[in-house]
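> Following this message is one structure expressed as structure tokens.
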Amino acid sequence: MLLRIGPPEHGPRPHRFSTGAWVLYDLANTVYAATLTFLFTPFVEKNYGGLSNLGLTQTWSMVLAGLLVPVLGAIVDRTARTGLYLSIATLLCIGAMSGWGLGGGEGFMLGCFFLANVAYNLGLLFYNSLLPSVASHERAGLISGIGVGVGYCGTILVLLLLLPVKTPSSQFLLAAGMFLVFALPCMCLVRDRREVRKGPATAAVRDAVASLLSTLKELPQHRALLYFLLANFCLVDVLNTAVLFFGSFTRNVFATAAEDGSLVLFGTIYRGQEGLDSFFALAGLCLNSMALVFGISLGALTDRWPLRVMKLSGLALLFALVGGAWFGGTSALGYLLTLVMLGSLGLSGIWTAGRKVVVLLAPKERIGEFFGLYGITVKLSVIGSTVYGLVADGHGAKSAMLVQSVQLLVGLGLLALVRLPQSGDAARAA
């Protein structure tokens with residue numbers, strides 16, 4: 001999908017209200033992601049006896065979203081009705097989240113999750129496509145970064161306001177309400193300001209599919225980019241899995257320690273269910289706060305050494321997995337220093353550096369095509385969630401977390417084969 005960054009050359013500059021509304025939507029959709037991680041996943045495990053079906057549902061929902069991305073991206077570019085599509089996807093996601101609050105059997109809950117997850121990921125496509133309409137070319141990076149920073153506040157709100165609510169149905173309904181409140185300004189105020197392209201949308205879809213197939217066919221000719229996309233697939237897959245199951249893993253490994261009073265951090269004893277909830281909230285707050293700090297700190301380093309940042313982040317994620325399994329249930333401080341701190345470094349670095357590496361490796365005249373392929377591989381990074389669910393149900397949470405390191409090592413091995421072109425090095429030095 002090709003987007004013209006910035007407003008039309010002779011058109012009006014974006015209004016600050018529309019820019020603020022766009023930024024606020026990042027907080028809204030983070031409410032969904034945080035609800036999934038900290039509320040819904042632990043609820044499913046507790047009430048339906050395992051995570052296998054949740055992992056499978058996550059996998060198939062992401063596969064469907066990934067397949068729809070190039071088609072809907074072409075329609076967005078041709079019709080410029082992005083605001084309408086964003087509103088539809090957002091309301092579908094909110095409606096499905098409300099279904100969680102109504103309760104029901106496992107099939108109904110996972111069906112609502114499937115619909116919510118597909119709508120959420122398609123909403124991200126429409127949301128990102130609106131950036132050129134709310135930020136000039138010179139300020140696109142700044143506005144995007146502000147959106148990411150504000151987005152982390154969504155997780156903090158979920159942990160502070162919703163986690164203390166004792167009734168799961170109330171938690172889910174309140175989360176859906178929060179999503180709607182924070183998303184409304186964007187749905188009402190932000191419009192796609194690009195010019196509508198001439199021609200039917202069906203032709204755009206046909207062209208998009210043909211372009212994708214052509215890009216895939218030619219990918220082996222760009223060896224470094226091929227290695228990177230495969231490596232990124234493995235790294236992001238592990239990252240997505242760790243984020244999805246972070247809440248469930250933390251509760252599982254420290255449940256016994258909280259019960260017998262051995263869950264201690266800096267002299268504070270976290271005892272019983274209330275203590276476990278408090279430690280769980282603390283770990284979540286630390287994870288997101290440090291991810292925000294690392295995200296800001298790594299920005300300048302990524303411009304100079306993107307591949308090094310990517311490798312460092314992958315190694316940090318590897319040590320986070322091993323440390324989480326080693327210290328989980330035995331040392332609260334060790335857990336925070338490894339899985340939480342190193343995990344937040346991996347979370348920020350992989351996302352921050354990945355796009356920069358694509359810019360350096362992709363041919364300039366076809367960067368839009370390869371970014372589309374990069375986006376699809378990110379959406380389809382869903383093997384880990386299925387593997388985690390199956391292993392966790394059969395052998396426990398620690399084994400499920402450790403087995404992710406196999407795929408992570410494969411990704412790091414592929415990343416070691418990537419060589420940036422000399423032109424990229426020169427540009428980076430400049």
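> Quick check: net charge around Leu276, other residues with Cβ under 15 Å of its Cβ, Lys/Arg +1 and Asp/Glu -1?
Details: positive: Lys46, Lys166, Arg251, Arg271; negative: Glu45, Glu259, Asp260, Glu274, Asp277.
That sum, taken over residues with Cβ under 15 Å, equals -1.
> Could you give the angle, 0 to 90 degrees to the nearest 10, between helix 306-327's Cα long axis and the longest principal axis of the Cα atoms of the chain?
20 degrees
> Let's test this: bin the Cα-Cα distances of the range 222-430 at 5 Å from zero up to the farthest pair and state each bin's percent.
Each 5 Å bin holds this share of Cα pairs: 1, 8, 15, 18, 18, 14, 10, 7, 5, 3, 2, 0, 0.
> If you don't mind, there's one more thing I want to ask. Could you tally the net charge around Ser385, taking each other residue with its Cβ under 15 Å from the Cβ of Ser385, Lys/Arg +1 and Asp/Glu -1? Kindly include the intermediate steps, with their values, before the conclusion.
Values: positive: Lys379; negative: Glu45, Asp237, Asp393.
Once all neighbours under 15 Å are counted, the net charge is -2.
> Now for a separate question. In what order do Asp393, Asp192, Asp207 fall by count of nearby beta-carbon atoms within 10 Å, going from fewest to most?
Taking fewest neighbouring Cβ atoms as first place, the list is Asp207, Asp393, Asp192.
> Also: What is the Cα centroid distance between the range 58-137 and the range 258-306, reported in whole angstrom?
29 Å
> Then there's this: Considering only C-alpha atoms, what is the centroid distance from the range 381-402 to the range 19-37, in Å?
Computed from Cα coordinates, the inter-centre distance equals 28 Å.
> Moving on. Can you give the angle from 0 to 90° between the axis of helix 367-379 and the longest principal axis of the chain, with both taken from C-alpha atoms, to the nearest 10?
Helix 367-379 sits roughly 20 degrees off the main axis of the chain.
> Using the Kirkwood formula on the Cα atoms of the chain, what hydrodynamic radius do you get, in angstrom to one decimal?
Roughly 22.2 Å, rounded to one decimal.
> Mind ordering 253-260, 116-123, 180-187, 320-327 by average Cβ neighbours within 10 Å, highest first?
Ranked by mean Cβ neighbours within 10 Å, highest first: 116-123, 320-327, 180-187, 253-260.
> Please sort 62-73, 156-167, 225-236 by packing, taking for each peptide the average over its residues of neighbouring beta carbons within 10 angstrom, highest first.
225-236, 62-73, 156-167
> For every other residue with a beta carbon closer than 12 angstrom to the beta carbon of Val418, add +1 if it is Lys or Arg and -1 if Asp or Glu, then tell me the sum.
+4
> Highest mean first, how do 414-420, 280-286 rank when packing is the count of other Cβ atoms within 10 Å averaged over residues?
280-286, 414-420
Since every read-out is calculated from the coordinates, none of them should be taken as a lab result. Keep in mind that this is a model prediction, so the values were computed, not measured. As a convention, Cβ positions derive from the backbone with ideal geometry for all residues, glycine included, and neighbour counts pool all protein chains shown.
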